[in-house]
Amino acid sequence: MRLFPVFRLVVLALLFSLPALGFAQTWPNKPIKWIIPYPPGGITDSATRMVVQKVQEQTGWTIVVENKPGANSILGADIAARSAPDGYTFLTVIGAHAANATLYAGRLPYDVVKSFAPVSLVGIAPLVMTVSNSFPAKDMKELIAYAKANPGKVSFGSSGVGAAAHLTQELFKQVAGLDLIHVPYKGTAPALNDLMGGSLNILTDTASALMPFVRSGKIKAIAAFANKRVPGATEVPTIVEAGGPAIEGSTWVLFLAPSATPRDIVNRMSAETAKAVNSPELKARFDSLGIEGVGNSPEQAAKFLDDEIVKWAKVISAAGVKAE
């Protein structure tokens with residue numbers, strides 16, 4: 001008789017777990033929506049579509065990619081955060097997602113961490129610093145010396161306030177003790193045009209965005225913000241090799257799901273993502289874009305995101321960066 005209450009609890013627990021088990025076994029039974037909070041064509045869009053396509057080939061699933069740009073990725077992230085946590089909505093984020101936690105503290109319609117379940121860090125794209133051909137410095141040591149001799153006269157551009165390239169340059173300023181002037185643009189293209197025209201001195205961005213112009217002789221590469229040479233830009237020295245401070249700065253591609261998405265579904269998508277990223281085909285394509293493929297676990301992705309939030313919060317606070 002004493003065993004009856006225990007037996008009843010076991011039976012109830014099994015009954016309550018059956019719907020979840022059944023759901024996981026039948027997932028997915030309809031198309032999965034994948035939100036990219038940026039316009040088509042950029043490195044975020046390209047990397048996501050490569051991985052998603054490979055996952056579809058591996059599994060036979062149907063995944064529909066939707067670009068939802070706007071408000072520094074906040075629009076698309078909010079759509080994902082408000083979606084049902086049923087395994088049918090996923091989201092791609094980049095470095096701006098970590099920066100937004102500080103730039104828009106108390107003003108976001110979602111919590112950068114608590115509103116999402118990390119799936120996998122797809123890859124990291126270290127940033128490369130370039131200068132105009134008319135800029136007098138030809139390497140990192142000369143650049144630092146020239147900037148110190150001309151405080152407030154050397155300009156650097158970025159694709160926008162709070163972008164990974166902007167914050168990496170702010171970190172460089174802080175560590176090297178330089179007084180540089182930030183010129184924000186609406187995207188990399190107009191900044192690159194001014195760099196080639198000589199009205200902008202420095203521009204930092206991904207290897208895929210800048211190296212074609214370096215190789216054609218239109219701009220000069222100074223260093224990569226990485227601890228090893230960047231795929232797709234191996235001719236560019238690391239910042240330490242070039243004589244600068246040991247600074248790392250990158251944009252990255254990380255997959256999220258709405259919080260409370262069933263853990264077994266998150267784990268399955270994470271495993272398929274890692275398998276895709278580590279395939280020879282994607283590794284070669286990532287190398288050509290200057291992306292270091294990762295494909296890690298949800299736990300590792302969560303720690304990476306937490307560390308990035310802390311890192312850039314310090315830079316933003318020290319530099320007094322304000323959201324536009």
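The values are calculated or read from the model by the stated rules, or taken from the named source; none is laboratory data. What you are looking at is a predicted structure, and each value in this text was computed from that prediction instead of being measured. Cβ placement follows ideal geometry from the backbone for every residue including glycine, while neighbour counts extend to all protein chains displayed. We work out accessible area using only protein heavy atoms, side chains counted, and drop any ligands, DNA or RNA first. Shrake-Rupley method; radii C 1.70, N 1.55, O 1.52, S 1.80 Å.
I'd like the residue in region 165-181 that is touching a strand residue (DSSP E or B) at 6+ places or on another chain (Cβ under 6 Å) and open to solvent by 20 Å² or more (accessible area, probe 1.4 Å) and, out of all such residues, is nearest to Thr251 (Cα to Cα).
Residue satisfying both the conditions and the ranking: Lys173.
If a residue must be part of a strand (DSSP E or B) and either free of Cβ contacts under 8 Å to residues at least 12 places away in the same chain or in contact with a His (Cβ under 7 Å, 6 or more places away or on another chain) (or both), how many such residues does region 165-183 contain?
Adding up the residues that qualify gives 1.
Could you count how many residues in region 125-163 are assigned to a helix (DSSP H, G or I) and open to solvent by less than 20 Å² (accessible area, probe 1.4 Å)?
3
Sort out which residues of region 300-324 are farther than 21 Å from Ala226 by Cα and free of Cβ contacts under 8 Å to residues at least 60 places away in the same chain, and write them in order of number.
Once the filter is applied, which keeps residues that are farther than 21 Å from Ala226 by Cα and free of Cβ contacts under 8 Å to residues at least 60 places away in the same chain, region 300-324 yields only Gly320.
Can you name every residue in region 62-112 that is open to solvent by 40 Å² or more (accessible area, probe 1.4 Å), within 21 Å of Lys30 (Cβ to Cβ), assigned to a loop (DSSP other than H, G, I, E, B) and out of contact with any Gly (no Cβ under 6 Å at 6 or more places or on another chain)?
Thr62, Ala84, Pro85, Asp86
Is it true that Ile181 is over 21 Å from the mean Cα position of the chain (by Cα) and more than 18 Å from Ala221 (Cα to Cα)?
Spelling it out, Ile181 is indeed over 21 Å from the mean Cα position of the chain (by Cα) and more than 18 Å from Ala221 (Cα to Cα).
Identify, please: which residue in region 31-61 is within 23 Å of Ser208 (Cβ to Cβ) and of a type in the set (Gly, Ala, Ser) and is, among those, most open to solvent (accessible area, probe 1.4 Å)?
Result: Gly41.
Restricting to region 184-200, what's the tally of residues that are in contact with a helix residue (DSSP H, G or I) (Cβ under 8 Å, 6 or more places away or on another chain) and open to solvent by 30 Å² or more (accessible area, probe 1.4 Å)?
Count: 4.
Out of everything in region 213-239 that is farther than 18 Å from Gly293 by Cα and hydroxyl-bearing (Ser, Thr, Tyr), what residue ends up being surrounded by the most Cβ atoms within 10 Å (Cβ to Cβ)?
Once the filter is applied, the top-ranked residue is Thr238.
Would you tally the residues in region 113-124 being surrounded by fewer than 24 Cβ atoms within 10 Å (Cβ to Cβ) and under 30 Å from Val240 (Cβ atoms)?
So the count comes out to 1.
In this structure, is Leu210 in contact with a Lys or Arg (Cβ under 7 Å, 6 or more places away or on another chain) and open to solvent by less than 10 Å² (accessible area, probe 1.4 Å)?
Judged against the criteria, Leu210 is not a match.
Scan region 243-298 for residues that are crowded, with 16+ Cβ neighbours inside 10 Å, over 28 Å from Tyr110 (Cβ atoms) and among the aliphatic types (A, V, I, L, M) and report the count.
Of the residues in that region, 3 qualify.
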